[in-house]
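What follows is one structure encoded as structure tokens, with my remarks underneath.
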Amino acid sequence: MAATKYLNETEKRSLDRDAYCLNKLDSYIGDLNITHVHMGTLQTYIEARRTEGVKSATIARELAVLRRILTLAARTWRDEYNNPWIDTAPLIELPKWEDGAEPYPLNWEEQNRFFKLLPDYLNKMALFKVNTGLREQGVCWLRWDWEVQIPELNTSIFITPGKRVQYEDGVWGGEKNKEDQIVVLNQVARSVIEAQRGLHPVYVFPYQDRRIGHIHTTAWKKAWIKAGLPVDGSYNKGPHNLKHTFGRRLRSVGVSLETRKVLLHHKSGDITTHYSGAEISEL
């Protein structure tokens, strides 16, 4: 009941993930009254998930959703008598077992070897991502109406909306910090964009005439293995490694921390007024 209320009343970009997390918890605590949910009754779930080989970060993410529900039940939700659902939210400790996979930035030889094994549509997306630092969903959702011309530089940039936007084929969830993000195009990224023009009226990187849901597909996973890249669980194997690759290369050529924050989309602010043509040229 509490989980259903939470999912029905909450609006957030990652609500589908929250539903997935609650589904994982349901078989362990779904039959319990909310007043009986605490660290003691959660131990079976935690131990079972760890035995399955699930990382502590994943378990912590699942427990964080539960912790949010318990907080709402104690502080916000009221019954017909105006009493809180529970008197006090129990302390939910999130596990930290130092078992997280490390990022794996690619060197140039690894990148060339890996990218050659990707199907053409993923190759273009990966090449764009490793040259812009844009997150996976930003690349998948990249739209032509997000492009902004910079006439004084004879170029353009893309601006990904910070807030949630409803489109005909789905909902763009927005950026994590809810601020619009600037996507600056270097020569390689620009060449990718120009090669994509005219392929689709809406999306920059279409596949079979529609928006792609993920870069981290079976084709990506097979290419990663075939390229001889790490698969032992010590390192991440997904597209986020390309963002780390981009960041490491910026640092290696002496790009300042402030500029790296902008290029890696870690800097918030009103980019429509904060960045002039000259500043974009510097980026």
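Rule-based calculations on the coordinates, nothing more; no lab input. Worth saying up front: this structure is predicted, and the values here are computed from it rather than measured. Cβ sites come from the backbone with ideal geometry, for glycine too, and all protein chains shown count toward neighbours.
Here are the numbers for this structure:
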| item | result |
| --- | --- |
| Efficiency of FRET from Cβ geometry, Val255 and Lys221, R₀ 25 Å, rounded to 0.05 | 0.20 |
| Over segment 108-282, relative contact order from alpha-carbon pairs under 8 Å, at least 6 apart, % | 30 |
| Value of D in µm² per second that Stokes-Einstein yields for the chain, Kirkwood Rh from Cα pairs, at 25 °C (0.890 mPa s) | 114 |
| Theoretical FRET efficiency, 1/(1+(r/R0)^6), r = Cβ-Cβ of Arg50 and Thr88, R0 22 Å, to 0.05 | 0.20 |
| Nearest-0.05 FRET efficiency for Arg13 and Asn112, computed from C-beta distance (R0 35 Å) | 0.55 |
| 0 to 90° range, to nearest 10: angle between helix 15-29 axis and the chain longest Cα axis | 30 |
| Extension reserve of the Asn236-Arg164 stretch, reckoned as 0.36 nm per residue once the Cα distance is removed | 23.1 nm |
| Size of segment 2-75 as Cα extents on the principal axes (Å, biggest first) | 33, 28, 18 |
| Spin-label proximity, Asn177 to segment 117-145 - amide N less than 18 Å from point 7 Å beyond Cα toward beta carbon | 132-139 |
| Shape of segment 132-231, Cα gyration tensor, a/c cut at 1.5 | prolate |
